[in-house]
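Peer 1: Provided herewith is a single structure, encoded as structure tokens, for subsequent inquiry.
The values are calculated or read from the model by the stated rules, or taken from the named source; none is laboratory data. From a predicted model like this one, the values you see are computed outputs, not experimental measurements. Positions of Cβ are backbone-derived with ideal geometry, glycine not excepted, and every protein chain shown enters the neighbour counts. Accessible surface areas use protein heavy atoms only, side chains included; no ligands, DNA or RNA. Shrake-Rupley method; radii C 1.70, N 1.55, O 1.52, S 1.80 Å.
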Amino acid sequence: QVEKVLQMARFEKNEVELKNEEVNINELIQTAVENAQLKVSERGGSISLDLSSKNPIIFADKTHISNILANLLDNAEKYTKETPRIEVKTTDEKEGVQIMIKDNGVGISKEDLKNIFEKFYRVHTGNLHDVKGFGLGLSYVKSIVDVHGGRVFVKSEIGKGSAFYVTLPYKKLK
């Protein structure tokens, strides 16, 4: 967690050097899903994959992109009270590859949606303290997507789950 805080500070000062390279996002997602599968399976859940992107090569920092995928998959599992059913999909967009990670979790209110990418912001879950964290994960996700020139947004409804959409550009940043 301390490392995440320090990394966030470096991002805010534009001091992070990305080690960008050609990355097959479908392969990276496959690995992230394999890593997340154990926790989800232990709860009787599943992760379905639909890697439809026909042009999955992006220019990105493999480590940071792997971290955001792991974070989003971890959140999808953590914030699901029932048996987790997670969907992961890639599609080709005009400007890049779009990744969707959708869950059947608790969902996020409209008020909270406005703030979820803010550093240290945590969605209020009443008296439930079963989900650990410092509110850095989604802030990190947004920072990484931003420095890659991409976009991130979420659609969510209380009690019906959330879908996070990340679009990462094909082209090398100038």
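Peer 1: Just checking, which of Lys155, Lys94, Lys172 is surrounded by fewer than 18 Cβ atoms within 10 Å (Cβ to Cβ), modelled with pLDDT of 85 or more and assigned to a loop (DSSP other than H, G, I, E, B)?
Peer 2: After ruling out the rest, the residue left standing is Lys94.
Peer 1: Out of all the residues in region 125-134, is one or more aromatic (Phe, Trp, Tyr), open to solvent by 30 Å² or more (accessible area, probe 1.4 Å) and at pLDDT 95 or above?
Peer 2: Checking region 125-134: not a single residue is aromatic (Phe, Trp, Tyr), open to solvent by 30 Å² or more (accessible area, probe 1.4 Å) and at pLDDT 95 or above.
Peer 1: Would you tally the residues in region 49-66 being over 18 Å from Lys102 (Cβ atoms) and either in a helix (DSSP H, G or I) or open to solvent by 60 Å² or more (accessible area, probe 1.4 Å) (or both)?
Peer 2: Summing the residues that are over 18 Å from Lys102 (Cβ atoms) and either in a helix (DSSP H, G or I) or open to solvent by 60 Å² or more (accessible area, probe 1.4 Å) (or both) in region 49-66 gives 8.
Peer 1: Among the residues of region 78-91, which ones are surrounded by fewer than 19 Cβ atoms within 10 Å (Cβ to Cβ) and either part of a strand (DSSP E or B) or modelled with pLDDT of 95 or more (or both)?
Peer 2: Thr83, Arg85, Glu87, Lys89, Thr91, listed by residue number.
Peer 1: Right, next: Look at Lys81 and say whether it is among the basic types (Lys, Arg) and over 24 Å from Lys155 (Cβ atoms).
Peer 2: The answer is no for Lys81.
Peer 1: Would you please list the contacts, defined by Cβ atoms under 6 Å and residues six or more apart or on different chains, that run from a residue in region 54-83 that is over 17 Å from Val141 (Cα atoms) to a residue that is small (Gly, Ala, Ser)?
Peer 2: Thr80/Gly105; Thr83/Gly44; Thr83/Gly45
Peer 1: List the number of the failed condition for Ser46; all other conditions in (1) surrounded by fewer than 16 Cβ atoms within 10 Å (Cβ to Cβ); (2) at pLDDT below 95 hold.
Peer 2: For Ser46, the failing item is (2).
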